[in-house]
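Notes follow once the structure below has been shown.
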Amino acid sequence: MAKKAQEKVTASPIVPMGYSQLLTQVAGHTFEATNAAAVGLLQDAGEGCVFKPLGKPECGVRELNFYESLAAAIATQAKADAGANNLNGAGGEGKGETDQSLLAALAAHVPRYYGQLKLVVNQREHTFIKLEDLTHGMAKPCVMDVKIGRRTWDPLSSLEKRTIEEQKYALCKQNLGLCLPGFQVYCPDEEQPEQTVLIRKGRDYGKSLDVMGFQKALALFFNASCSSSNVLLHEVLNQLRSIRTWFKQQRLFHFYASSLLICYDFEQLQKLATSNSKVSLHNGFHADAAEPVLPTKSKEWIRVRCIDFAHIFPAEDAQPDHNYMFGLQSLIDIVEAMLHR
């Protein structure tokens, strides 16, 4: 049984029947006991979806448009694939079709999008984006939000906004291109290792971190002392590298103040440690395990996805998103170092 979380979620909102506050939310706008207009993430009763409120009008529209563009690209790509099969692969792709194909390829790295809907929360109507719940089915979900990039202000930001953003998470952001708004992790209790404790850390903790502190926070989150953590790190690394491949190819967008959400089920990590206490990792396989755990199986309980698209803008002069890729590479370097420690 997990002990009480060290940091609590803020308030109990009045929500429609069948919905509740998303208790695994670790960053972003949240409900506030003293501000009925403040709205955080919701979850449904069991469909495996989360509901993200649209933020400021211009930001909310931008994020909604991005998800709609992604959905359109997926549909276009499906039709193109069907047509190519009918024509046995004849014909070539124009630039527009290539851009659509590239955008559609991002879908594998983004929570599934199910449209928008309006809900009355705290007696006020709000528009929400309906998305896949990346922790659905996890018994002990560990969740980390990592904001990517040295620059977190977009091209439309005022000088005041830019100055504020530059001062946030300054040590980690400027050195790593990363900052840590929040996370929650289940781990063994130090005093009673057979029990599990839930630890939650928020933005104040993240703002206090330097580079070494950030690395230690990741070691805590990934339960680096656990005998089976290599399985977790290996799969996270695979998914991060796949995202990096997409960013190296794309010249469509620049992502500002966007995050990676890393989720895994600590219960599965515990089971793996118990059943394979002497397992060694070799090329993605567990050499001594009776049933090797392949990456495809790991993906059922380890998920890394790009989130937060309110500050995405067309790429200037079709340039690569060096700002995002710098932070992403830093994260890959840290995980690689932990894996090969």
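Structure summary
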| read-out | value |
| --- | --- |
| Percent of C-alpha pairs per 5 Å bin, region 163-202, short to long | 6, 20, 17, 14, 12, 11, 11, 7, 3, 0 |
| 98, 135, reordered so the largest accessible area comes first (probe 1.4 Å) | 98, 135 |
| Net charge over other residues, Cβ less than 13 angstrom from the Cβ of residue 233 (K, R count +1; D, E count -1) | -1 |
| Full-stretch length increase - residue 72, residue 205 - with 0.36 nm per residue and alpha-carbon distance subtracted | 44.0 nm |
| Which of 162, 124 is most accessible, then next, and so on - probe 1.4 Å | 124, 162 |
| Residue pairs, from the table 118/173; 130/271; 173/297; 271/299, whose Cα atoms sit over 24 Å apart | 118/173; 130/271; 173/297 |
| Most to least accessible of 144, 325, 212, 17 (protein chains only, probe 1.4 Å) | 17, 212, 325, 144 |
| Descending principal axes extents, region 139-219, alpha-carbon based, whole Å | 52, 25, 16 |
| Unit charges on C-beta of K, R, D, E only; dipole of region 100-219, Debye | 500 |
| Calculated from backbone phi, Karplus (6.51, -1.76, 1.60) coupling profile of region 239-254 in Hz, x at Gly/Pro | 6, 4, 5, 5, 5, 4, 4, 5, 5, 5, 8, 7, 10, 8, 9, 10 |
| Rough spin-label spacing in nm, given labels placed 7 Å along Cα→Cβ, for residue 212 and residue 322 | 3.1 |
| Pairwise FRET efficiency - residue 332 versus residue 194, Cβ, R0 = 35 Å, nearest 0.05 | 0.55 |
| Integer Hz, Karplus 6.51/-1.76/1.60 couplings in order for region 127-138, x for Gly and Pro | 9, 10, 9, 8, 10, 5, 7, 5, 9, 4, x, 8 |
| Residue 300 - accessible surface, heavy atoms, 1.4 Å probe, Å² rounded to 10 | 120 |
| Quarter of the Cα convex hull surface for the chain, i.e. its orientation-mean projected area (nm²) | 19.8 |
| Under-5 Å amide H pairs with residue 182, H placed in peptide plane, nonlocal only | 145 |
| For a label point 7 Å along the Cα-to-beta-carbon line of residue 158, residues of region 32-74 with backbone N under 16 Å | 56-59 |
| Amide H partners (placed H, <5 Å) of residue 315, local residues excluded | 253, 254 |
| Residues of the chain: accessible area per residue with a 1.4 Å probe, Å² | 50 |
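The values are calculated or read from the model by the stated rules, or taken from the named source; none is laboratory data. Quantities reported herein were computed from a predicted structural model and do not represent experimental measurements. So basically every Cβ, Gly included, is an ideal-geometry build from the backbone, and we count neighbours across all protein chains shown. These area figures cover heavy atoms from the full protein model, side chains too; ligands, DNA and RNA do not enter into them. Shrake-Rupley method; radii C 1.70, N 1.55, O 1.52, S 1.80 Å.
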